[in-house]
Amino acid sequence: MNNLAWKINRLRTMKLPEISYRLRQVIQTKVESLTVRWWIQSTRSPDLSCFGKAWLTSLPRSMDIALYRAAADRVLAGYFDVFALSNAQLGFPPKWNRDPKTGREAPLVFGKTLNYRDERIVGDIKYLWEPNRHLHLTTLAQAYHLSGDVRYAKGAQLLLESWFDQCPYPLGVNWTSSLELAIRLVNWSFTWHLLGGQASPLFTSSDGQRFKRRWLDSIYQHSHFISGFLSRHSSANNHLFGALMGLFVAAITWPCWRESSRWLQQAQE
């Protein structure tokens, strides 16, 4: 009943252009849910000769390495800080679709049609989404950059591979909000550069090349999702700004597809 009242109140505040826009979104989402198999297979091959430069000419190294190693060691041991849950043991790698607060695991259904506001389905969505923003990947990458200890780089790879396995595009709660995808892309950009960019030792072997391609495929999927699923009209607030920020960062970090220039222009405009 409360959800219905909320929807009625939102509808009262909308003008005709917004109602039309949201109806088109509903139809588009329905079509996508019926053609999800084709959508998954439509990822384009990246141009592996085209990557963006690091944000700084020389990445800094004059930090207290011990502090960064200690933080990274906590992550490798499976400990994460998630809002009020400090030092929560989520495992390594964690269960990405499980809410660490309630223990409820969200289903792997088509993400855009999943009601992430329903705690009976997903638990507390803010607690579930927080680890999936992947700030801890940057922590591992910082420790690797400063210490050269390959354990941290391998840890970042393991977390990413587990996320790809558990959160297949475009299914589940991690494929519902463009803002969440955008924040993940920003942290992936930091992580990418701190791990060495396209020349990272993680990519030297044949298995490493497969991992690199898998990561790039997910970046393409994130960017494609955000570009076509932006908040507009009365919802065009921090969510729109955040989503476009992620699209901009992705386009300058990985300009590997013919759509990249369009994504960059879209975000800039």
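Within the stretch 152-182, can you find the residues that are small (Gly, Ala, Ser), crowded, with 21+ Cβ neighbours inside 10 Å and closer than 23 Å to Ala141 by Cα?
Ala153, Gly155, Ala156, Ala182
Any residue that is over 15 Å from the mean Cα position of the chain (by Cα) and among the polar types (S, T, N, Q) - is there at least one of those in the stretch 109-131?
yes
I'd like to verify a number: residues in the stretch 72-101 that are in contact with a Leu (Cβ under 9 Å, 6 or more places away or on another chain) and either closer than 19 Å to Arg151 by Cβ or surrounded by fewer than 16 Cβ atoms within 10 Å (Cβ to Cβ) (or both), how many? Don't jump to the end; show me each part of the working.
First, pick out the residues of the stretch 72-101 that are in contact with a Leu (Cβ under 9 Å, 6 or more places away or on another chain): 72, 75-76, 78-80, 82, 92-94, 96-101.
Those still in the list that are either closer than 19 Å to Arg151 by Cβ or surrounded by fewer than 16 Cβ atoms within 10 Å (Cβ to Cβ) (or both) too: 72, 75-76, 78-80, 92-94.
Looking only at that region, the number is 9.
Take Leu56 and tell me if it is modelled with pLDDT under 85, closer than 30 Å to Tyr144 by Cβ and either hydrophobic (A, V, I, L, M, F, W, C) or crowded, with 16+ Cβ neighbours inside 10 Å (or both).
So Leu56 passes the test.
Looking at the stretch 164-182 only, could you name the residues that are closer than 24 Å to Leu48 by Cα and part of a helix (DSSP H, G or I)?
Within the stretch 164-182, Phe164, Asp165, Leu181, Ala182 meet the criteria.
When the stretch 79-96 is examined, which residues are found to be of a type in the set (Gly, Ala, Ser) and either touching a Ser or Thr at 6+ places or on another chain (Cβ under 6 Å) or assigned to a loop (DSSP other than H, G, I, E, B) (or both)?
Ala84, Gly91
Tell me whether the stretch 133-154 contains one or more residues that are modelled with pLDDT of 95 or more, of a type in the set (A, V, I, L, M, F, W, C) and closer than 20 Å to Asn97 by Cβ.
yes
Starting from residues that are within 10 Å of the chain's Cα centre (by Cα) and of a type in the set (Gly, Ala, Ser), keep the ones in the stretch 132-185 and report whichever is farthest from Ile219 (Cα to Cα).
This residue is Ser177.
Would you pick out the residues in the stretch 133-167 that are farther than 26 Å from Phe248 by Cβ, touching a residue at least 40 places away in the same chain (Cβ under 8 Å) and not hydrophobic (A, V, I, L, M, F, W, C)?
Passing the criteria: Ser147, Asp149, Arg151, Tyr152, Lys154, Gly155, Glu161, Ser162, Gln166.
Which residue pairs have Cβ atoms under 9 Å apart, sit 6 or more places apart or on different chains, and have a first residue in the stretch 192-219 that is over 19 Å from Tyr144 (Cα atoms) and a second that is in a loop (DSSP other than H, G, I, E, B) and of a type in the set (A, V, I, L, M)?
Arg213/Leu48; Leu216/Leu48
Across the stretch 57-78, what is the number of residues that are free of Cβ contacts under 8 Å to residues at least 40 places away in the same chain and in a loop (DSSP other than H, G, I, E, B)?
Result for the stretch 57-78: 7.
The values are calculated or read from the model by the stated rules, or taken from the named source; none is laboratory data. What you see is a predicted model, and the numbers here were worked out from it, not measured in a lab. Because the Cβ atoms are built from the backbone with ideal geometry, glycine has one as well, and the counts that use them run over all protein chains shown.
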